[in-house]
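Here's the structure, in structure tokens; my notes come after.
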Amino acid sequence: MTIDETQQHDCLDDCLDSGKVGHRSDEQKRKKFRELVELRVPKAIWSIRNIGKLANTYAYDFRARDIEKIMWHLRKELDEMETRFERALSREASKFTLDD
């Protein structure tokens with residue numbers, strides 16, 4: 001998937017979150033989630049492994065501070081992603097209903 005396709009998916013995700021796109025059934029939403037996560041997670045893993053290849057000291061020169069910055073930014077993005085998921089689950093759990 002190209003960056004443009006990723007941006008389109010992200011835009012669609014944002015539109016769905018804001019209610020701008022028609023409602024999908026839970027089954028459809030689950031199917032779409034699985035489809036996208038099975039594309040995106042392997043790409044993220046591949047990218048992280050590619051960054052790890054930069055540890056080859058025969059080919060690259062880097063400092064401890066460089067690694068600290070890389071790790072800080074990756075952890076920050078992972079933390080933000082986790083927060084988004086937790087927030088979404090929390091919203092679902094706190095929805096008002098008259099059902100018992």
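The values are calculated or read from the model by the stated rules, or taken from the named source; none is laboratory data. The structure displayed is predicted, hence computed values, not measured ones. FYI the Cβ positions are ideal-geometry reconstructions off the backbone, even for glycines, and counts take in every protein chain you see.
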- Message: Please go through (1) in a helix (DSSP H, G or I); (2) modelled with pLDDT under 95; (3) farther than 17 Å from Ala88 by Cα for Val21 and return the number of the only condition it doesn't satisfy.
- Response: (1)
- Among (1) surrounded by fewer than 10 Cβ atoms within 10 Å (Cβ to Cβ); (2) of a type in the set (Val, Ile, Thr); (3) part of a helix (DSSP H, G or I), Ile67 falls short only on (1)
- Message: So for the stretch 48-58 (the condition being among the aromatic types (Phe, Trp, Tyr), part of a helix (DSSP H, G or I) and modelled with pLDDT of 95 or more), does at least one residue qualify?
- Response: no
- Matching residues in the stretch 59-100 - criterion: being at pLDDT 95 or above and either among the small types (Gly, Ala, Ser) or touching a strand residue (DSSP E or B) at 6+ places or on another chain (Cβ under 9 Å) (or both): Ala59, Ala64
